[in-house]
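Here the structure comes first, spelled out in structure tokens, and everything after it is commentary.
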Amino acid sequence: MEFPSGFLQHLASLPDYEASLFEQAHHAEVPVSIRYNPSKKKSSASTELTSVPWTTEGYYLPSRPLFTMDPLLHAGAYYVQEAGSMLLEQALKQSVDLNQSLKVLDLCAAPGGKSTLLQSLLSANSLLVANEVIQSRVNILKENLIKWGGMNVVITQNDPKDFQVLPGFFEVMVIDAPCSGSGLFRRDPSAMQEWSLSAIQLCVERQRRIIADTWSALSTDGILVYATCSFSKEENEAQVDWILNQFDVESVPLKMQEQWGIRQTITENHGYAYRCWPHLSKGEGFFMAVFRKKSIQEVIPIKTKNKNLITAATAQSLASFVQSSISLSWVMQGKYIAAVLPEHLSLIQFLMERLRVRYAGVEAGQLLHNEWIPEPALALASAMQPNRELVELDENKAIAFLRKESFMIEGVSKGWQWVGYQSLGLGWIKFLGNRLNNYHPSSWRIRMNA
Ligand code: SAM
């Protein structure tokens, strides 16, 4: 691997950098890890796999399978995530009481790795706002979160400064900042072309802007997790010091077990910071620091205009399509009807009045000329189900479904059928007697030939 010129010298003074081991690690095989979805986990899963030691649901795989061709990935049974990123679990577990009902912002969320982890860690009555400013990246975030199946999630597409309309709203804020990306060079060598000292400086400025712009949205005593996938001190420890200088905060120390190989660094301003190095722990480069806000932050009162509610007739017809062991509230999102938890209804309406909400809860479908047109999210949700039996597909048919091809299934009646694989929902088909229409979204279609 040919590193960009000046890159290794740039790292040379870092405390845990060891040139030959670092370079060796970059010539070694890239570890592959996945994180199971606890809401969709199979009892048979993970038994022979080695666990990622700082997580409960993360596992290393012995080699990289063709993930795209595994229907369980598309069913949201697991997420493919680099092990270092899963360290976020420790930040949350060690700094907040996860049994509480929390409002959590994942500010730089696409493609959704941290958001799916947060969704699994948070209590069901917590609300996760997963935000992505870049429009072209919102779709992949939405796809991944819909497949993950949680109901307590809102997806927004806002600039960080837009969150200033929500002073003191969030008890936890995760800023997995856009960065120079050197921590992922091993996995994605093409990222090296963009690397330069001046690019790092631009990242530093942008990271500061992002933090400063959203700072008021964090409540007093609220937790900020700042993370990057860069090795550069400028984007990491120096940013910790900048945060400590700039705001009234305390740095939160975390306990890391010695054998995990995660290194704590103490910054010049006595901040605690945590690094994953590929030569010291099994994963890519990752940096994380946790802060508690000490300043008194005014909090915006939650008042809504009670818009976007559905009619009683629609609610009644929904009952024939949806079943749930928990009570649900319903909101209109454009032409779609989405289920949200009753305790989140006014919060979500409140957010809809202030932010560009792209998705909230679980979209069940739309009522078109008195017919229910179900949405994929209803097929993939874990807190509610379609009011019908799952039609189990074998692997070949599940792949045909995911390719959006036509195929035949025996013994099903005409109309909408909820199809799935290994008891997990995948989506919808409409059986017409002699053929079927495949309602898998075109943009989610498997295009690869295997
Ligand atoms: N958290 C994601 C995950 O775990 O899958 C990865 C996030 S990635 C490191 C950083 C994200 O920040 C990207 O999705 C990028 O589009 C977004 N971003 C880029 N510029 C931004 C800005 N000025 N403000 C906020 N987010 C930005």
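The values are calculated or read from the model by the stated rules, or taken from the named source; none is laboratory data. Quick caveat, the model's predicted, so the values are computed rather than measured. Because the Cβ atoms are built from the backbone with ideal geometry, glycine has one as well, and the counts that use them run over all protein chains shown. Ligands, DNA and RNA are stripped out before the accessible areas are found, and what is left, the full protein with its side chains, is counted by its heavy atoms. Shrake-Rupley method; radii C 1.70, N 1.55, O 1.52, S 1.80 Å.
Restrict the check to region 346-364 and report whether at least one residue is part of a strand (DSSP E or B), open to solvent by less than 60 Å² (accessible area, probe 1.4 Å) and in contact with a Pro (Cβ under 9 Å, 6 or more places away or on another chain).
The initial filter retains those residues of region 346-364 that are part of a strand (DSSP E or B), namely 357-360, 362-364.
This time we only want the ones that are open to solvent by less than 60 Å² (accessible area, probe 1.4 Å), so: 357, 359-360, 362-364.
This time we only want the ones that are in contact with a Pro (Cβ under 9 Å, 6 or more places away or on another chain), so: 363-364.
Within region 346-364, one or more residues are part of a strand (DSSP E or B), open to solvent by less than 60 Å² (accessible area, probe 1.4 Å) and in contact with a Pro (Cβ under 9 Å, 6 or more places away or on another chain).
Across region 163-176, which residue is farthest from the ligand (Cβ to nearest atom) among those that are open to solvent by 10 Å² or more (accessible area, probe 1.4 Å) and touching a helix residue (DSSP H, G or I) at 6+ places or on another chain (Cβ under 8 Å)? It would help to see each step written out before you state the result.
Quick first cut of region 163-176, residues open to solvent by 10 Å² or more (accessible area, probe 1.4 Å) only: 164-165, 167, 171, 176.
Next, from what is left, pick out any that are touching a helix residue (DSSP H, G or I) at 6+ places or on another chain (Cβ under 8 Å): 164-165, 167, 176.
Numbers: 164: 14, 165: 16, 167: 19, 176: 4 Å.
The selected residue is 167.
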Practice item. Looking only at region 70-87, decide whether some residue is more than 16 Å from the ligand (Cβ to nearest atom), out of contact with any helix residue (DSSP H, G or I) (no Cβ under 6 Å at 6 or more places or on another chain) and of a type in the set (Phe, Trp, Tyr). Key: no
Exercise for review: Determine whether residue 219 is out of contact with any Ser or Thr (no Cβ under 7 Å at 6 or more places or on another chain), without any contact (Cβ under 8 Å) to a residue 24 or more places away in the chain and more than 16 Å from the ligand (Cβ to nearest atom).
Suggested key: no
Check your understanding: Name the pairs whose Cβ atoms lie under 6 Å apart, with the first residue in region 124-149 and among the basic types (Lys, Arg), the second within 12 Å of the ligand (Cβ to nearest atom), and 6 or more positions between them or separate chains?
Key -> 137/110
Practice item. Please note which strands (runs of 3 or more DSSP E) are completely contained in region 256-343 and include at least 2 residues that are surrounded by 18 or more Cβ atoms within 10 Å (Cβ to Cβ). Key: 272-276, 286-293, 329-333, 336-340
Check your understanding: In region 167-189, how many residues are in contact with a Phe, Trp or Tyr (Cβ under 9 Å, 6 or more places away or on another chain) and part of a loop (DSSP other than H, G, I, E, B)?
Key -> 6
Practice item. Can you work out which of the residues in region 118-135 that are within 14 Å of the ligand (Cβ to nearest atom) and under 21 Å from residue 78 (Cβ atoms) is surrounded by the most Cβ atoms within 10 Å (Cβ to Cβ)? Key: 130
Revision key, fill the gap. Filtering region 96-116 down to residues that are open to solvent by less than 10 Å² (accessible area, probe 1.4 Å) and either of a type in the set (Ser, Thr, Tyr) or more than 8 Å from the ligand (Cβ to nearest atom) (or both) yields 102, 104, 105, 115, 116
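Are any residues in region 5-28 in a loop (DSSP other than H, G, I, E, B) and among the aromatic types (Phe, Trp, Tyr), and if so, which ones?
First, pick out the residues of region 5-28 that are in a loop (DSSP other than H, G, I, E, B): 5-6, 12-18, 28.
Residue satisfying the conditions is 17 alone.
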Exercise for review: Check region 149-162 and report whether any residue there is under 20 Å from the mean Cα position of the chain (by Cα), more than 27 Å from residue 27 (Cα to Cα), charged (D, E, K, R) and within 12 Å of the ligand (Cβ to nearest atom).
Suggested key: yes
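Would you point out the residue of region 222-251, among those that are in a helix (DSSP H, G or I) and open to solvent by less than 10 Å² (accessible area, probe 1.4 Å), that is nearest to the ligand (Cβ to nearest atom)? Don't jump to the end; show me each part of the working.
Filtering region 222-251 for residues in a helix (DSSP H, G or I) gives 233-235, 237-246.
Remaining after also requiring open to solvent by less than 10 Å² (accessible area, probe 1.4 Å): 235, 239-240, 243.
Details: 235: 11, 239: 14, 240: 17, 243: 16 Å.
If we take residues in region 222-251 being in a helix (DSSP H, G or I) and open to solvent by less than 10 Å² (accessible area, probe 1.4 Å), then 235 is nearest to the ligand (Cβ to nearest atom).
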Point to revise | Unique residue being surrounded by fewer than 16 Cβ atoms within 10 Å (Cβ to Cβ) and not in a strand (DSSP E or B) when the list is 205, 143 | key: 205
